[in-house]
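To start, the structure under review is shown below, and the notes come after it.
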Amino acid sequence: NDNCKDRVSLVFNNIISSIGNNFPTPPKLAFSNTVNNPAWISPSKNTIYIENKLINFLCNGDNFIDKIAYIISHEIAHHYLNHGWMKNVDFSYSSTIGDYIYDQSFSVNQRKNDEIQADNFGGFYSKIAGYNSLDYGSEVLGEVYQLYELKHEIKGYPSLNERIEIVNSNINRTKELAKIFEFGNIALITENYYDAQSCLNHILNSNFNSREIYNNLGVIYLLEAIKGSNENISK
């Protein structure tokens, strides 16, 4: 229904805002009436598609927002990480949790590594957007596999059990980074600029960057300069 779609759009926009990068260009969101692809990316259209079937199913259950945040943030992550096995080809895979068209040029280990990166990236940015997506990642994967009657073992792609292990292995790291981000912002507000810089630089060195992180670092440097200047310059 429209209310469910509006909530999905809000989650999508909030996660895109938490990333804040304009390169590559942020993807668009579209809803699909198909019934066999839960979610997927069309690189040529720069669009992430989510099926109404999946939205309606999750919307009628518990923890809808966090579960849809997992689906959305994972697809967004593949876009921003520019993963090679989906580059420049529409439907090179059906979805990140669907029936894959097997391409021997990409190994299972490479796809597994991409999934680890996508959960880590998506988990962090959905967390700072206010969603506990990874906490419900395993649950929503199981529900989607059941809803779409997917095989637990898909050729050329990590198994369902491996996907669940990937989700669970990323939860603690994502929460740690999110806490460091939060502490950095608290340190900034309380004028503890050294700790604020250390926290935000640690996140950047972990290969996470966003407009907000760079903005806050810029604010820190500006406030430090004002604090260290004479009164006339400070004014």
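The values are calculated or read from the model by the stated rules, or taken from the named source; none is laboratory data. Just so you know, these numbers come straight off a predicted model, no measurement behind them. So basically every Cβ, Gly included, is an ideal-geometry build from the backbone, and we count neighbours across all protein chains shown. Note: accessible area is taken over every heavy atom of the protein model, side chains too, but ligands, DNA and RNA are not part of it. Shrake-Rupley method; radii C 1.70, N 1.55, O 1.52, S 1.80 Å.
Here are a few things to note about the model shown:
- Residues of region 25-44 satisfying the condition of being over 22 Å from Leu58 (Cα atoms) and either of a type in the set (D, E, K, R) or surrounded by 12 or more Cβ atoms within 10 Å (Cβ to Cβ) (or both): Pro26, Pro27, Ser42, Pro43
- Of residues in region 197-235 being open to solvent by less than 100 Å² (accessible area, probe 1.4 Å) and more than 30 Å from the chain's Cα centre (by Cα), the one modelled with the lowest pLDDT: Ser234
- The residue list Tyr194, Tyr145 contains one member that is open to solvent by less than 10 Å² (accessible area, probe 1.4 Å), in a helix (DSSP H, G or I) and aromatic (Phe, Trp, Tyr), which is Tyr145.
- Qualifying residue in region 68-84 (condition: over 30 Å from Asn205 (Cβ atoms), modelled with pLDDT of 95 or more, assigned to a helix (DSSP H, G or I) and touching a Lys or Arg at 6+ places or on another chain (Cβ under 7 Å)): no
- Answer from Asn168, Asn172 - the residue that is surrounded by fewer than 19 Cβ atoms within 10 Å (Cβ to Cβ), free of Cβ contacts under 8 Å to residues at least 12 places away in the same chain and in a helix (DSSP H, G or I): Asn172
- Residue count for region 130-150, restricted to those that are over 19 Å from the mean Cα position of the chain (by Cα) and touching a residue at least 24 places away in the same chain (Cβ under 8 Å): 5
- Annotation: Ala178 fulfils all but one of (1) within 20 Å of Ile65 (Cα to Cα); (2) surrounded by fewer than 16 Cβ atoms within 10 Å (Cβ to Cβ); the unmet one is (2).
- Taken as a whole, region 117-129 holds no residue that is surrounded by fewer than 16 Cβ atoms within 10 Å (Cβ to Cβ) and either within 19 Å of the chain's Cα centre (by Cα) or outside any helix (DSSP H, G or I) (or both).
- Selection within region 218-235 - farther than 21 Å from Cys199 by Cβ and of a type outside the set (Val, Ile, Thr): Ser229, Asn230, Glu231, Asn232, Ser234, Lys235
- Scanning region 1-53 for residues that are touching a strand residue (DSSP E or B) at 6+ places or on another chain (Cβ under 7 Å) and part of a helix (DSSP H, G or I) gives Lys5, Val8, Ser9, Phe12, Asn52.
- Filter pass, Tyr93 being over 27 Å from Asp2 (Cβ atoms), at pLDDT below 80 and either open to solvent by less than 10 Å² (accessible area, probe 1.4 Å) or acidic (Asp, Glu) (or both): yes
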